[in-house]
Amino acid sequence: MGQLRGTSDTPAPAPVRVIAIASLTPLEELDADPFLVDSRSQHAMCARWAAERGYVIARELLVGGLRFDHGALWDGVRPGVDVFVAPSLRVLRRALSSVEAFTAECARRGVRVETVGRAEPSYDAQMKARVHRRLSMPTAGYDGR
């Protein structure tokens, strides 16, 4: 038996893994800034971005004011393979204590940082009510669907 055409001894490159960052924003801010409160929509925006590129979501982080060097950010992150993604710079500013320090640390470690850069959804009263229900009743078994 001969070697199959198109095969190689080199392994396929590892898939790009996405660490999606959403902001942990108090429910009290729902009326003023519903997108920052709606972490589910933030993560969904990151997931669409990843899927469009053939990337896979490895982790979803929900953080508020987290330090750039916190272990929760860097656990298992692979330089040159993984990418941090947030819906916008505004979300990153809320999620991290210092976006500048975080991006510098990412550059030092060889990890990309991207923002989705799409328009945030507009929230009407009904959408705000769904977000409020989902976030205010998690222990009652309600998951927002």
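The values are calculated or read from the model by the stated rules, or taken from the named source; none is laboratory data. Not measured: the values here are computed from a predicted model. So basically every Cβ, Gly included, is an ideal-geometry build from the backbone, and we count neighbours across all protein chains shown. Remember, those area values only see protein heavy atoms, side chains included, never the ligands or the DNA or RNA. Shrake-Rupley method; radii C 1.70, N 1.55, O 1.52, S 1.80 Å.
Brief remarks on what is shown
- The figure for Arg109 is an accessible area of roughly 80 square angstrom, using a 1.4 Å probe on the protein chains alone.
- Assigned charges on the beta-carbon of Lys, Arg, Asp, Glu; the stretch 23-128 dipole about Cα centre (debye): 420
- Only helices enter this figure: runs of n ≥ 4 DSSP H residues, each worth -39500 (n - 2.57), summed and divided by the residues of the chain, yield -10000 deg cm²/dmol at 222 nm to the nearest 500.
- In terms of the mean number of neighbouring beta-carbon atoms within 10 Å, the peptides 31-41, 56-66, 116-126 order highest first as 31-41, 56-66, 116-126.
- Using the 1.4 Å probe convention, the accessible area of the stretch 52-118 works out to 52 Å² per residue with neighbouring protein chains retained.
- Carbon plus sulfur fraction of accessible area for the stretch 64-120, probe 1.4 Å, in percent: 51
- Unit charges at the beta carbon, dipole of the chain: most positive-side option, Leu73, Gly110, Pro15: Pro15
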